[in-house]
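Bear in mind that the values in this text are calculations on the coordinates, not laboratory data. Quick caveat: nothing in here was measured; it's all calculated off a predicted structure. With ideal geometry, Cβ positions are generated from the backbone for all residues, glycine too; neighbour counts draw on all protein chains shown.
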Amino acid sequence: MQTAPPGWLPDPGTEPEAVIREARRRQRRRWLAAGVAIVTVAAGAAAVIAGYASGGRPRPPGRHATAAPKPVPSSMSGLPVPAGSTVRLLLTGRRPAWFWTATRRTEPIKGLPWNRAGYAFNRLVGGWSVQPYPAGPGCLPTCAGPPLPNYIIADGSPRAARIGHGFWISASDGSGTVWLTTFRRSADNVGATSARAQEVTTAGRAAGPGFRLPAGYGIQRAVGGDLLLAPMSQGPGTVRYKLWDPGTRHVAGTFRDVIAASPQQIAWPVCVHCPVHVLNLLTGTTATIPIPRGTWASNNGTFSPDGRFLAFLLSAGAAERFGVQARIAVIDIATRRLLAVPGTTLSGAAAQRLSFGWQANGHRLIAVLPRPGQTIQVASWQPGAAHLLVATARIPRGTSAVLGEYG
């Protein structure tokens with residue numbers, strides 16, 4: 001059994017389950033982040049492994065004052081980014097663009113018309129799907145109404161390609177295709193009817209037969225040839241995900257409170273002191289990784305492109321006293337080791353604004369935290385590094401950064 005490092009345990013007697021329930025309620029409002037959600041610097045769960053260390057001077061004789069907790073940072077810390085280094089980010093807004101942190105140069109993405117309400121992004125294998133948010137007081141594309149246009153942006157491409165109308169796009173388990181979800185009538189409420197799913201190429205052509213999904217479920221993504229489904233209407237309590245075989249229409253397995261999914265793997269669950277399980281559908285093996293006592297994983301994790309590493313927020317603390325705190329943790333699945341990303345200890349409020357994801361190739365983790373005045377902290381880290389590399393950049397007004405698989 002692992003134990004938390006000194007200063008990383010929650011305060012005794014707290015009720016972290018209540019914190020988890022509240023985080024789940026917030027994140028369920030963005031369920032289609034697995035399908036259409038914008039993964040912005042505002043995306044992220046409330047969550048953390050920075051514990052509560054007591055500080056202060058020794059108490060003088062005869063006095064019994066309670067030592068105050070050390071303040072928790074509201075920003076990331078580390079070494080400056082070396083001169084000449086840059087990170088290229090996607091910026092969403094009315095006109096999405098690529099952005100280079102070192103030069104502050106922006107390059108608008110061609111093929112995406114100006115949209116007053118902005119765009120939603122979802123990570124795919126080898127790129128991103130893009131969908132405009134409805135203008136005016138309308139809700140997200142998860143609501144009843146006419147289908148919306150969908151676009152694809154390949155990694156690093158300056159141009160978006162339109163692939164057709166639908167309610168949202170989900171990642172396939174390979175490059176070159178995506179899953180497009182539609183409904184029989186535009187007036188259908190997506191939480192109360194059966195959706196139709198069609199695998200299509202990135203050119204918009206059908207790549208196989210269409211399927212009717214189980215009523216009330218939608219696609220989070222394809223995993224190992226099956227579809228990971230999540231309920232579109234979710235209340236408090238455990239969320240049951242289904243691994244569904246579209247060919248046989250049978251449920252191959254169920255998972256409680258999924259942390260992350262990739263083309264080959266599923267990680268779960270979200271609960272206090274529960275070990276993280278990672279199932280590889282290609283090998284049929286499951287890795288079990290203990291986490292420090294009194295902490296819990298949040299359900300906004302992301303796998304590295306090759307599936308070797310899983311990054312997520314590890315939480316500790318309780319809302320009743322000093323609030324939840326957070327730190328990014330990484331699991332090395334091959335060695336089943338839990339790694340703490342240095343410099344990412346954050347207060348709960350700051351952790352809610354943090355987003356992170358892996359670069360398209362390699363094992364470089366990028367984290368973004370918004371700061372006042374349309375500035376962002378951009379940090380990078382690779383497993384084994386002793387320090388986080390941190391820079392501050394100003395981004396155009398009305399934009400935000402896109403990172404990770406879902407938000």
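Remark on segment 263-305: Rg and Dmax equal 10.9, 32 Å (Cα only).
Per-residue counts of other Cβ atoms within 10 Å, averaged by peptide: what ranking do you get for 170-180, 293-303, highest first?
For the peptides 170-180, 293-303, the packing ranking is 293-303, 170-180.
In terms of packing, defined here as the mean over residues of other Cβ atoms within 10 angstrom, the peptides 329-335, 128-134 line up highest first as 128-134, 329-335.
Charged neighbours of ARG394, selected by a Cβ distance under 11 Å, balance to +3 (K, R count +1; D, E count -1). Would you mind computing the Rg to Rh ratio of segment 320-407 from its alpha-carbon coordinates, Kirkwood style for Rh? With Rh from the inverse mean 1/r over Cα pairs, Rg/Rh is 0.98.
Charging the Cβ of each Asp and Glu at -1 and of each Lys and Arg at +1, and nothing else, the dipole of segment 304-381 about its Cα centre rounds to 80 debye. Put one equal scatterer on each alpha carbon of segment 146-232, apply the Debye formula with no solvent term, and list log10 I(q)/I(0) at q = 0.10, 0.11, 0.14, 0.26 1/Å to two decimals. Debye intensities relative to I(0), on a log10 scale: -0.24, -0.29, -0.47, -1.39.
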